Structures are given as C-alpha cells and as structure tokens.
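A quick write-up on the structure given underneath.
Every number in this text was worked out from the coordinates using simple rules, so none of it is lab data. Being a predicted model, the structure only gives us computed values, none of them experimental. Glycine gets a Cβ as well: all are built from the backbone with ideal geometry, and neighbour counts include every protein chain shown.
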Amino acid sequence: MGKVRITFHGALAKITGEKATDVEASTLKEVISILTAKFGERFEKRIFDETGKLARFVNIYVNGKDIRFLNHLDTELDDEDNVSIIPAVGGG
C-alpha cells in the first residue's frame with residue numbers, strides 16, 4: 001500500500017473543496033472508497049451512475065494513462081502514483 005496523490009478537476013474540485021489530496025491505497029477501487037467516505041454522497045453521485053458503476057462521463061488517469069486501458073477500478077497503485085479524476089464537460 002502506498003501514498004497516492006489524487007487530483008480533482010472541474011466540478012469535483014468544487015465538491016471536494018480541494019484540488020488535490022493524498023491517500024494510502026493499493027488499488028483504484030480503494031482510492032474511490034476512501035474518497036467517497038471522505039467527501040460524501042455528492043462526490044459519490046458524480047463518480048458512479050445509478051447502477052453503481054463508474055459514470056460514463058468520468059475519466060480517471062493513473063500516471064497519465066486512462067484506466068480503461070489499464071485494469072479499470074482494479075488498477076493496482078504504487079507509492080507516489082498520481083491519479084487524476086476528470087469529469088467530462090458537455091455543452092453546445
């Protein structure tokens with residue numbers, strides 16, 4: 001288990017009141033669980049859809065790599081990894 005740096009972007013930074021935080025976790029799933037416990041229901045509703053799956057419009061990167069090309073929420077993390085959580089912005 002290592003210390004991981006989480007960076008929030010867009011609406012998530014407003015919800016958390018922070019642009020970044022550090023957590024101790026060994027998988028991305030653990031990170032999300034810790035963040036949900038820390039930041040509450042508003043955060044959780046932004047991250048997950050109504051079925052409990054990662055929302056389609058939320059992009060998560062580990063050291064710049066999209067988790068869709070890694071192991072999704074089961075992606076293993078090492079000490080000093082950087083995780084960016086970026087909600088997609090829509091409009092027209």
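Conditions tested, residue by residue: (1) of a type in the set (D, E, K, R); (2) surrounded by fewer than 12 Cβ atoms within 10 Å (Cβ to Cβ).
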position	(1), (2)
10	no, no
21	no, no
41	yes, yes
62	no, no
83	no, no
89	no, yes
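Taking the criterion of being touching a Leu at 6+ places or on another chain (Cβ under 6 Å) and not in a loop (DSSP other than H, G, I, E, B), the only residue of the range 63-84 that qualifies is 73. The conditions of being closer than 20 Å to residue 88 by Cα and out of contact with any Lys or Arg (no Cβ under 7 Å at 6 or more places or on another chain) are met by residue 16. Flag: residue 37 matches the condition of being exposed (fewer than 13 other Cβ atoms within 10 Å of the Cβ) and not in a loop (DSSP other than H, G, I, E, B).
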